[in-house]
Amino acid sequence: MNIAALVPFLLALTLGASPGITGAGTGPREGEVRAVSVVPAAGSVDVVIDLRGPVEIQDFTLANPARLVVDLQGARLTAPAVLYDGANRGGVKNIRYAQFRPGVVRVVIDLDALKDYQIERRDAQVRVKIGSERTGFEAWSSESASPPVEAAAAPAAARAQPAARRGGQAARVATPTPGTETLTIDAYLAAHASESVQSQAPRITVTWDNADLREVVAGFAAFSGRTIILSKDLKGTVSAEIKNQPWDLAFYAVLESQGLTANVLEGGILQVIDKRDLARADSTVPVETRLVRINYARASALVPSVQSILTKRGAVVADTTSNALVLTEISSRVNRVEEFVRGLDIRTPQVSIQAKIIFVDRTDVEELGVKYDLGSQTQFFNQLIQRPDPRTAKPVDTNGDGVPDAFVPQGNFSPQDVVVDLGGNSLSAIGNADQQVVNPALSLIFSTAIGNFNLTTFLQALQRVELADLQAEPTITTIDNRPAEILVGDRVPIRVIDVSSTGVGTAPPRATVRFEQTGINLRVTPHVTANRQVLMEVHAENSAVKPASVDIGFTFQTQQADNQILVNDGETAVIGGLTVTSVTVTKSGIPFLVDLPIIGKLFGFSSETEQRRDLLILITPHIIDDLVTPSTGK
C-alpha cells in the first residue's frame, strides 16, 4: 500500500503539482475536517481525524525524518489551528495539519521511526492505526488543546466548551513544537561557547535593563550594518548583560530568549519571526522539486552537506547517471538551497607535485696482506709454492742435439703432500697460509735464499671504491584533496613453499608465487589553503631487490619517508634526510708479531670496509591556476 501511494506522489512532484491532487477536472467536494486526535488502542496508537461529508484519502511515507502524510481530498479545514504538545505518544512525536491547497487538507504525523500502519474509514472518522507497544499515554485532541496565540484573548468559558463536548477531558496548555523550546541568553551562549571562540565576527559588549525588543534589534542592525526587520505584532523586553561576544551569536541568543528566530531573505535581509509562526508556515507551504546539475563535484558527495540545511519536509537524492541532485524543499526555501549547492559546486584547484629522491651508496674497501713460505727441496709444506716431484722426472733433451742429457720432473707435489725431514738441521714453516685478498689489485712475490732454505714472501693489496648514485624525479598532478600515486619499478616474483602441504609418500611440497613491487613510489594528498599554501600528506619510497647469502634468496632494500608538511606555492622542502655510515675493520696474522707497531702489518692481513648511504627526499608543489591569460599563456 505504501509503495503504491508513493508513486503518484513522486510523479506529481516531477510535474510540479502537489501530491494528493487527482486532476484538473476533479471538482471540490463537500467535506470538513473538524478535529485531529491521538488516542491509545490495543497494540497501536491511533490518529483519529473527525470528518463531516465525503472525502478521498491518499497517504504516503517519507524518511529522514520518518513521517506519515495523509491527504484528505475534497475537504476544507474547520478544526482549530492548534499546536501539538510535543509529547511522544507511542512513537508519534508531532502532529501538523493545515489547508495544504484549496480542497486538500494535509495531516503530517512525525514518527520516531517508520512503522506498519493501517487506515480505516468510518462514517465520520478516518482512523490511522500505527503499530506500537507503548500505549500507556494520555490522549490528545485538537479540540481539548489550548488555542493558538492569536486566540489567547478569547473568553475562558468559550475555550473550555469543546472539552466538555469530548466527555469532560481537561484542557491542556500547548507546549512548543519540538525544536521551538526557548533558552535563556546565558544558557544559549554557554551551549555555543565553542562557536564563540572560533567566530571571526565583530564582538559586542552591551547591557540592557527592560529594553524594548525593537530598540535592541535596531542596535544590532546599527552595529552589524545588516538590514533587520521585525514581523508584525512582535513585542517584548530584554534584560541582560553581554560581554565580548560575537554580535551574531549574541543576536540569536536574544531571539532565543524571546522564542523568536531569524529568517534570511533575499539580499541577506534578516527577518525576525516567531518560532511558532515559522513552524506553522513551513507546514502549510507547498514543496517544490528541482533538478540541479553538478559540474565539478560528485553529486553523491554533496548529499550530506545539503541535508544539513533542509527542513523536515525537504529531501535530496543524488542521480549518479547525470551527476545531478534532485532537491525537494518548501517553495520559500528552495532558491536558497539551490544557491547553497551552487556554492559547493566550484572548480577544484589542481596541484602539480614534483618530488626528487636522491640516494647515494658509497663503499670503500682497503685490504693488505703478507704471507710467507720457508722450506728446502727436502723440507717444506706444499701449500704456497708448487715444488717439482722428482719421482716424475724423465730424460729431456735440453740442448737440442736429439740426445737426452738431463732428468726433469714432469709434475709437482700435490697440495696434500707435506715433506718435512724431522732429522737434525731441518726447518719448514708457512705464515698466513690460508689468508688471501679476493681479486687483489697487486700481487707481489719475493724470494730469497737463506742457506739451504728458500724464503718466499707474497704481498697482496687491494683498494676498491664503489659508488651508486640514484636520482629519481617523479612528478604527478592531482586535484585538491584527492590522493594520487605514481609508481615506476619491477614486480619481483617470490616463491613460497608450503611445507605442510607435503602429501603421503614422495609428493613434493606445494609452491606458490607472489609478487613484490619495487622501485620508485610517490603517493601524495594535497590540500590548498585559503592563503595559497599547500598542506600535503606524502609517502615517498625507493626500494630494490638484492641477492642474499642466506637460503631465502634475496632481500629488499627500502628507503621511505611518510610526512605531513605545509609549504608555499613553488617552495621546495626537504621531507626526508638520512645518512648511514658503517665501518668494518678486520685484522688477522701471526700472533705477537701482527701487534707490533708499524711493522705489524708485515705479519698479517688487514681489511677495512666503509659503507656510506645518503638519502635525501625533496618535494615541490605548484598550484595550477584556473584562469589563463590569453595573451601571455600564463
Within region 580-599, restricting to residues that are of a type in the set (Ser, Thr, Tyr) and out of contact with any Phe, Trp or Tyr (no Cβ under 7 Å at 6 or more places or on another chain), the one that is least open to solvent (accessible area, probe 1.4 Å) is SER582
Tell me which of these ASN64 doesn't satisfy, since it passes every other one: (1) in a strand (DSSP E or B); (2) surrounded by fewer than 18 Cβ atoms within 10 Å (Cβ to Cβ).
-> (1)
Flag if GLU256 is of a type in the set (Asp, Glu) and surrounded by 19 or more Cβ atoms within 10 Å (Cβ to Cβ) | yes
Quick one: would you say GLN386 is surrounded by 12 or more Cβ atoms within 10 Å (Cβ to Cβ), modelled with pLDDT of 85 or more, more than 30 Å from GLN350 (Cα to Cα) and in contact with a strand residue (DSSP E or B) (Cβ under 7 Å, 6 or more places away or on another chain)?
-> no
Which one of the conditions (1) of a type outside the set (A, V, I, L, M); (2) in contact with a helix residue (DSSP H, G or I) (Cβ under 9 Å, 6 or more places away or on another chain); (3) modelled with pLDDT under 80 does GLU150 fail to meet, given that it meets all the rest?
-> (2)
GLN118 fails exactly one of the following numbered conditions: (1) part of a strand (DSSP E or B); (2) more than 44 Å from the chain's Cα centre (by Cα); (3) over 19 Å from SER44 (Cβ atoms). What is the number of that condition?
-> (3)
Looking at this structure, is ASN432 open to solvent by less than 90 Å² (accessible area, probe 1.4 Å), over 60 Å from the mean Cα position of the chain (by Cα) and at positive phi?
-> yes
Any residue at all in region 252-273 that is at pLDDT 85 or above, over 30 Å from VAL316 (Cα atoms) and among the β-branched types (Val, Ile, Thr)?
-> yes
Could you grab the pairs with beta carbons closer than 9 Å, sequence gap of 6+ or different chains, first residue in region 410-421 and among the hydroxyl-bearing types (Ser, Thr, Tyr), second one surrounded by 12 or more Cβ atoms within 10 Å (Cβ to Cβ)?
-> SER414/ASN382; SER414/ASP389
Do we find that ILE476 is closer than 30 Å to GLN533 by Cα, open to solvent by less than 80 Å² (accessible area, probe 1.4 Å) and in contact (Cβ under 8 Å) with a residue 40 or more places away in the chain in this structure?
-> yes
All positions within region 189-224 that are touching a residue at least 40 places away in the same chain (Cβ under 8 Å), surrounded by 16 or more Cβ atoms within 10 Å (Cβ to Cβ) and among the aliphatic types (A, V, I, L, M) = LEU189, ILE204, VAL206, LEU213, VAL217
Could you list, in sequence order, all residues of region 443-488 that are on the phi < 0 side of the Ramachandran plot and small (Gly, Ala, Ser)?
-> SER443, SER447, ALA449, ALA461, ALA468, ALA472, ALA484
Sort out which residues of region 536-570 are farther than 18 Å from GLU485 by Cβ and assigned to a strand (DSSP E or B), and write them in order of number.
-> ALA544, VAL545, LYS546, PRO547, PHE554, THR555, PHE556, GLN557, LEU566, VAL567, ASN568
Qualifying positions in region 302-318 - open to solvent by 20 Å² or more (accessible area, probe 1.4 Å), over 17 Å from ASN263 (Cβ atoms), touching a helix residue (DSSP H, G or I) at 6+ places or on another chain (Cβ under 9 Å) and of a type in the set (A, V, I, L, M, F, W, C) | ALA315, VAL317, ALA318
Output the number of the condition that THR506 fails; it satisfies all remaining conditions of (1) at pLDDT below 80; (2) more than 27 Å from PRO591 (Cβ to Cβ); (3) surrounded by 15 or more Cβ atoms within 10 Å (Cβ to Cβ).
-> (3)
Could you tell me whether THR456 is under 29 Å from THR558 (Cβ atoms) and either β-branched (Val, Ile, Thr) or open to solvent by less than 80 Å² (accessible area, probe 1.4 Å) (or both)?
-> no
Of the residues in region 512-571 that are among the β-branched types (Val, Ile, Thr), in contact (Cβ under 8 Å) with a residue 40 or more places away in the chain and more than 14 Å from ILE617 (Cβ to Cβ), the one that is most open to solvent (accessible area, probe 1.4 Å) is VAL545
Expected single match for modelled with pLDDT under 90, open to solvent by 60 Å² or more (accessible area, probe 1.4 Å) and of a type in the set (A, V, I, L, M) among LEU602, LEU615 is LEU602
Within region 468-485, the count of residues that are under 14 Å from THR620 (Cβ atoms) and either hydroxyl-bearing (Ser, Thr, Tyr) or not in a strand (DSSP E or B) (or both) comes to 4
Residue match in region 70-89 (condition: open to solvent by 50 Å² or more (accessible area, probe 1.4 Å), of a type in the set (Val, Ile, Thr) and either over 17 Å from ARG122 (Cα atoms) or part of a loop (DSSP other than H, G, I, E, B) (or both)) = yes
Filtering region 487-503 down to residues that are hydrophobic (A, V, I, L, M, F, W, C) and touching a Phe, Trp or Tyr at 6+ places or on another chain (Cβ under 9 Å), which residue is modelled with the highest pLDDT?
-> VAL492
May I ask you to list the residues in region 319-351 that are more than 30 Å from HIS622 (Cβ to Cβ), in a strand (DSSP E or B), open to solvent by less than 30 Å² (accessible area, probe 1.4 Å) and not hydroxyl-bearing (Ser, Thr, Tyr)?
-> ALA324, LEU325, LEU327, GLU329, ILE330
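The values are calculated or read from the model by the stated rules, or taken from the named source; none is laboratory data. From a predicted model like this one, the values you see are computed outputs, not experimental measurements. Note that we place each Cβ from the backbone using ideal geometry, even for glycine, and neighbour counts take in every protein chain shown. The protein model used for the area step is the full one, side chains on, heavy atoms only, and it has no ligands, DNA or RNA in it. Shrake-Rupley method; radii C 1.70, N 1.55, O 1.52, S 1.80 Å.
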